[in-house]
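Q: My questions will all concern the structure given below.
Just so it is clear, none of the values below were taken in a lab; they were calculated from the coordinates. Since we're looking at a predicted model, the values are computed, not measured. Positions of Cβ are generated from backbone atoms using ideal geometry, with glycine treated the same way; all protein chains shown enter the neighbour counts.
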Amino acid sequence: MAESGQQVACAMQTFERLHPTEFQRRFLAQNTRHDGREFMQFRPVQVVKGAISTAQGSATVRVGNTTVVCGIKAEVCEPDVKRPTEGYLATNVELSPMCSAQFRAGAPSEEAQVASEHVHRLAGQMFDLTSLCIESGRAVWSLAADIVCIKHDGGILDAAVVALVAALEDLRLPKAELDLGTGMVSADRTMATHVGVGKRLFPATFALVDDAYVVADADDSEERMATASLLVVHDDRGRLVNVWKRGGGMLSSETIARCVQRARERMTEIAQTL
């Protein structure tokens, strides 16, 4: 009996490799997904803060099989003359061959560039840059948040945003003082202070698969069949702060409204993890 079950499993794996699209369609036609989830069911989220001891703030986030690590490094620099009390926060999402064979070494892929740009835009909504001021017009903190994908199985934007939120909540900056005589900044790392985020953001991504089925939190195989994706972001007060559609597939207003409602429920799930 056990041998028969193994043969069936082996046959299914072979069919999936040879005909991945048809494999997915057969499950979707039965109102289910190949991993057993319902259409609007998200994968579980796991968050571990303080994952990198050498960073000022860090976090590891796992969404299903997708795993990302965010590390934040801080250094002192001069502020922009037009914004003398604001520091800097730069974000970058890295998708290398280490996380998936679909990515190549060298220049960032289109997916990595799109993810980096969108995470950067969202970062501006969650963090008060004036909290990085050391001395107005003279010295501020510059933060570099590197989000590295360790394993890619879809949903990279959701994982990246959650990892950035968690790493910013873990962020602690050394006590810094500017010597007006020398113009040098001294930092006491033994007296680090917690900075924190001004506003948490909670992402939820939906995909239009095969131009017919809308699913939440698509994995890699489902994303490959997707003709459109929809990113919905709420803040910690439940307010809708971002809706971003990508791709040419059509989504009705009723479908978008259903996704927004499901994303609000997802917000509660992520908040409990954080």
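Q: Do the sum for the chain: with -39,500 (n - 2.57) for every DSSP H run of n ≥ 4, divided by all residues, what is the mean residue ellipticity at 222 nm, to the nearest 500 deg cm²/dmol?
A: -9500 deg cm²/dmol
Q: With a 10 Å radius around each residue's Cβ, average the other Cβ atoms per peptide and rank 236-247, 79-90, 167-178, highest first.
A: Working: 236-247: 13.3, 79-90: 15.2, 167-178: 19.6.
Descending mean neighbour count gives 167-178, 79-90, 236-247.
Q: While we're looking at this one, here's another question. Give me the percent relative contact order of the chain, please, defined on Cα pairs under 8 angstrom at least 6 residues apart.
A: About 18 percent, as a whole number.
Q: What percent of all Cα-Cα pairs in region 199-274 falls into each 5 Å bin, going from 0 up to the bin containing the maximum distance?
A: Percent of Cα pairs in each bin: 3, 17, 29, 22, 16, 10, 3, 0.
Q: Let me ask something else about it. Which percent, to the nearest 5, of DSSP beta bridges fully inside the chain are antiparallel?
A: About 90 percent, rounded to the nearest 5.
Q: With equal scatterers on the alpha carbons only and no solvent term, can you work out the Debye log10 of I(q)/I(0) for region 38-129 at 0.18, 0.21 1/Å?
A: -1.08, -1.29
Q: Residue by residue through region 63-73, what is 3J(HN,Hα) from phi via Karplus (6.51 cos²θ - 1.76 cosθ + 1.60, θ = phi - 60°)? Round to whole Hz and write x for glycine and proline.
A: Ordered by residue, 3J(HN,Hα) equals 10, x, 8, 6, 10, 10, 10, 10, x, 10, 10 Hz.
Q: Next up: In region 104-240, how does Rg compare with the Kirkwood Rh, expressed as the Rg/Rh ratio over alpha carbon atoms?
A: Details: Rg = 19.1 Å, Rh = 17.5 Å.
The Rg/Rh ratio comes out at 1.09.
Q: Now, a different point. Rounded to whole Å and sorted largest first, list the principal axis extents of the Cα atoms in region 135-178.
A: Each principal axis gives a Cα extent; for region 135-178 these are 46, 18, 14 Å.
Q: Okay, moving on. Hey, what do the phi angles of region 108-116 turn into as Karplus ³J(HN,Hα) couplings, whole Hz, using 6.51/-1.76/1.60 and θ = phi - 60°, x for Gly and Pro?
A: Whole-Hz 3J(HN,Hα) from phi for region 108-116: x, 6, 4, 4, 5, 5, 5, 5, 4.
Q: Would you kindly calculate the translational diffusion coefficient of the chain, applying Stokes-Einstein with the Kirkwood radius from alpha carbon pairs, for 37 °C and a viscosity of 0.692 mPa s, and quote it in µm² s⁻¹ without decimals?
A: Answer, rounded: 161 µm²/s.
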